[in-house]
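Here is the structure we will look at.
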Amino acid sequence: MAQAAIARRVSAARATTLAGAWPAAAAAVGTLAAVLVLARQARPVVEAAAWSWRFAERAPTTIIGPIGTARLAGWALLVAALVAGWHAAAALGAGTAVAAELAVLVTGVRDHAAPGWHLLLAVVVAVPLCGSLLPATSGGREQRPLPGRFWAAAAAMGLCASLSAAGAPLVADRFGDTVAIRTIPVARIGFGALTFIALLSLDPPTRLPLNVG
């Protein structure tokens, strides 16, 4: 009977640990997704700035347009809310982004980017952020903020994802009046950025601030 009682207590403790870990894990996944989506929105701006610096004649006249500007500003505010610890506001912002992208998709508003893709990105962020607000059954303990090392890794991932957009203009060469883009170095830059982001993504989840202990 004693062994059965111990087994029940261990099972209950494991269930409590998993339930308590869910909000922290969801917050981490949602935060990483939001940072990467912000980096994705910034890539056209980074690329245009690099073209303007290297070859002014290749700089695009229209970078992201009014809808793209709204997306970039909105995701920047959402990430800022996460940095400040305002998870409820960030979740609300992600839900608003889903509604806005759905409206763009349904109404057929002229957009330079694929609205369906942006809707999917918004959903990927909104689901875990909203899930992180669910109460954890861990003795009523509050979820602690994400640690500094997590934010350092997330910032490195975001910078890598956005700055890699400057690869093409940085490795381009001028031959008379023609500007040629070297595809192999560009592919290497993209592959290196993806590898770096993938490696960093394996590190932060191992250091989540669980609401158990």
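The values are calculated or read from the model by the stated rules, or taken from the named source; none is laboratory data. This is a predicted model, so every value here is computed, not measured. Accessible surface areas use protein heavy atoms only, side chains included; no ligands, DNA or RNA. Shrake-Rupley method; radii C 1.70, N 1.55, O 1.52, S 1.80 Å.
Would you tell me the accessible area of S132, worked out with a 1.4 angstrom probe on the heavy atoms of the protein chains, in Å² to the nearest 10?
So the heavy atoms of S132 present about 10 Å² to solvent.
What length, rounded to one decimal in nm, is gained on full extension from W151 through to V179, with 0.36 nm per residue of separation minus their alpha-carbon distance? Could you put the intermediate results ahead of the total?
Numbers: separation 28, 0.36 × 28 = 10.08 nm, distance 3.86 nm.
Contour length minus Cα-Cα distance gives 6.2 nm.
Just to make sure I understand: if all protein chains stay in place, what is the order of R54, R110, R174 by accessible area at 1.4 Å, largest first?
Working: R54 80, R110 210, R174 115 Å².
Listed by decreasing accessible area, they come as R110, R174, R54.
Could you compute how much accessible surface I189 exposes when probed at 1.4 Å, giving the result in Å² to the nearest 10?
Rounded to the nearest 10, the figure is 60 Å².
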